[in-house]
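Below is one structure, written out as structure tokens, with a few remarks after it.
Nothing in this text is a laboratory measurement; each read-out follows from the coordinates by a stated rule. Source: prediction; values computed, not measured. Glycine also receives a Cβ, built like all others from the backbone with ideal geometry; neighbour counts cover every protein chain displayed.
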Amino acid sequence: MTCEEIEIALAADPRSSQEGAAVREHLAGCEACREALRGFERIDAVLGQARPAGPRDRAAFLRALDERIDHAASPRRVVPFLFRVAAAAAVFAVAWLAYRGLGTDAVAVVPPAPPAPPKAADRVVTTSELCVRVRSSDAAERSAALGEIGRRSDAVSRSLLVAALQDPRLAAEAVPIAGQVRLREAIPALSRIARDPALGASAVAALASIGGREAAAVLLRHLTEGPHVGAAREALRGMGDVALVALRERVQRARPVETAPLLDAVVALRAVDCLPWVASIAERSGASQADAIAALGALGDARAVGTLVRLSKERALHGMTIDALRAMGEAGARELARRVATGRRDDRVRAIQLLGELRDEASVRALVAALADPSVRADAARALGEIGDPASAPALAACLDDPSARSAAIEALGRVADASTVPLLARLSRDPSLRRDILRILGETGAPEALPHLVRALGSRDTAAVAAEGLALLGESAIPSLIRALSAGNTAGRAREALVAISSVDLGDDPGAWQRWWRDRRSTPNLSSRPLAGPGSVTSSGVGTST
Amino acid sequence: MEDIHELVERSRRGDRDSFRSLVDAHLDVVFRLARRLSGNDADADDLSQEAFFRAWKAIGTFRGDATFKTWICRIVMNLHCTRYATEARRPSEVGLDAALAEGREPSGHAVAIAQELSARVRLAVDALPEKQRAALSLAAYEGMSVDEIAEVLGSRPETVKVNLWLARKRLREVLEGDLRESTK
């Protein structure tokens, strides 16, 4: 025997095949086959542990089967095929003719209704009687008959109910009954009724009650056509796994025209199994591309992040992908944060940039951690600046020593700085190489706490200009300090520039004139309540009311 | 448990209780096969229901040449083929989480790791071609002989042997590392 023949014999039955003399003999001299046998035995051991369980709810399974068998006739004995066909045809013909006979003389098989029958509850109503009553001109009698048909499980009653669904007079009442009794034979008729504007919603509900793969497949068809798309979507949502499986199969053979409604359904049912299909639509340019990108976000599954990151590189799709990632919520940001820490540098930088654009404060920790890596430090600093969380200021300050990240870190500090960061900025302003930038940032905080630091900087030739700009940014709260600075020779010029920038008037270098203007302004309600123009709006020198 | 042959005979005479006992005795086998073929619990439930229902309707024609087990498994196979053959569906889309949930083993010490390996095995089995998957499932989970499997699948015993060989070889390739770890 060859090794392959031995392996086949061992695979067919790893235990008993070893009992054969030829196999035993071969194994004794062949290490490769012994290894193959060990492999098969290991597989069998693990397969034994992986043996799937039976149905989750055994009792419900048996009950459902009992009900189905109750609906069916006794088990068939061995009878000639033609006889079985003839018998089935006869049952159907009786039911159909009885129903469609419409009371004409031609239908002799339908016995006439008994005269003035007693209450239905008093005696057993025959199927033939039901055939007559269901066509009664009395709506109450029709309704009662339909109810009785619904309670019966024989083949004729089921056929009657299906026939009633096709009668405009009875359909409205028959539809919910077909749903209540979960009549699978009614699915084709209900599918037709589901297109009816008036009865469609009721038919959709009945299909949902019947449940199962067939009903789910019909409901999925109504997602893409007909007047009850919303109702079908809600019904499918209530059907659980069956609907998800049907949807997964449906999308695999979707026609282009059906893409949009199926995308809606995928989102409504949160069918994450359909993610590959949605991603394939999102990656193809076409009418549904935007919808598919939005669906990737709405599904909230982190596995879509890779696709969205790729698509974000295309300028035309960038905004959509950001919206989708934002819609994805925490899952998307978490996956991006994971990508910040692993993978190729290009991919990490892309993830960092996207986190910055998402402005998700929960990502700050991941981005601060990325500051430790010189290869992505500048990008992480910029992203932190986009997010603008003051808590990241100390980490950004620590990057100022890295020349390659310094400008990005300074810019980011400018974006995250607020009153709480003033002490940190004040410390940084002692560094001559940073002073000018930090003073500007102090001014941009608009925080009164920055005032003494900026006023002090007015006295230095190097920093006076930027300090004046910063004070101008602080606005009215800086005015008393600036008026005092007019008295000092080395700060007067810049103080005046700042006062002009804030007030839009130029009263020269005279501190007294500025004092009077300021006093007047504060004492005049109309003026004091009006905000000053602020920096950048100086109109012309001498404009004002001080004279 | 009552003799299966006796239960079959009484079911042929229309005895519902006997048929219920037959269903109860074979439900796990049928469901497991349906689960392996269809790839999810919902379809497996439908497929098993339909198989037992058809068995009830056709039990009058059951001649007893085969065992009831191989007969009902053959019904499951036929139903699966006629229902899903045109739909080109593959159950391998079931994810690891679903496979983990499928096992429903009780949690306990070291069970988490075993569960994970079991789930990987299920995924690997699900990824096999249909005939290999069915043959392996019947051999490994139900202990059927090659001849019995051949009867269920409607194949020759030689074909079943080759299918079992290919299935086990494929699993060995896919799970080589995991299996070595688990048996250390």
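Taking 25 Å as R0, compute the FRET efficiency from the Cβ-Cβ separation of A:A140 and A:Q166 and round it to 0.05. It would help to have the intermediate numbers written out before the result.
Working: r = 22 Å, r/R0 = 0.87.
Computed FRET efficiency for A:A140 and A:Q166: 0.70.
Test of understanding: what is the full-extension gain from A:V272 to A:E67, defined as 0.36 nm times their sequence separation minus their Cα-Cα distance?
My answer for the length gained is 70.4 nm.
Say R0 is 45 Å: what FRET efficiency, to the nearest 0.05, do A:R338 and A:E185 get from their beta-carbon distance?
0.30
Run the numbers on the range A:313-382 and let me know its relative contact order in percent, using alpha-carbon pairs under 8 Å that are six or more apart.
RCO, the range A:313-382: 27 percent.
If each residue of separation counts as 0.36 nm, what is the full-extension length gain between A:R38 and A:S460 once their alpha-carbon separation is subtracted?
Using 0.36 nm per residue and subtracting the Cα-Cα distance, I get 143.4 nm.
Please list, by residue number, every one of the trypsin sites (Lys or Arg not before Pro) in the range A:182-253 that is coil in DSSP and has at most 14 other beta-carbon atoms within 10 Å.
Listed in order of number, the matching sites are A:R253.
Take every Cα pair under 8 Å in the range B:4-83 that's 6+ residues apart, average their separations, divide by the length, and report that relative contact order as a whole percent.
With pairs under 8 Å counted, the relative contact order is 31 percent.
Within the set of other residues whose C-beta is less than 14 Å from the C-beta of A:L355, count the net charge using Lys and Arg as +1 and Asp and Glu as -1.
0
For the range A:349-439, what's the relative contact order in percent, using C-alpha pairs closer than 8 Å and at least 6 residues apart?
24 percent
About the Cα centre of the range A:250-323, how large is the charge dipole given +1 on each Lys and Arg Cβ and -1 on each Asp and Glu Cβ? Please answer in debye to the nearest 20.
The dipole of the range A:250-323 has a size of about 200 debye.
With each pseudo-label sitting 7 Å past Cα toward Cβ, what's the A:A372-A:R436 distance in nm, one decimal?
3.5 nm
Can you grab the distance from the C-alpha centre of the range A:458-510 to the C-alpha centre of the range A:388-417, Å, no decimals?
Distance between centres, Cα-based: 28 Å.
Among the trypsin sites (Lys or Arg not before Pro) in the range A:318-356, which ones are in a DSSP loop with at most 10 other Cβ atoms within 10 Å of the Cβ? Mind listing them?
Qualifying residues, ordered by number: A:R344.
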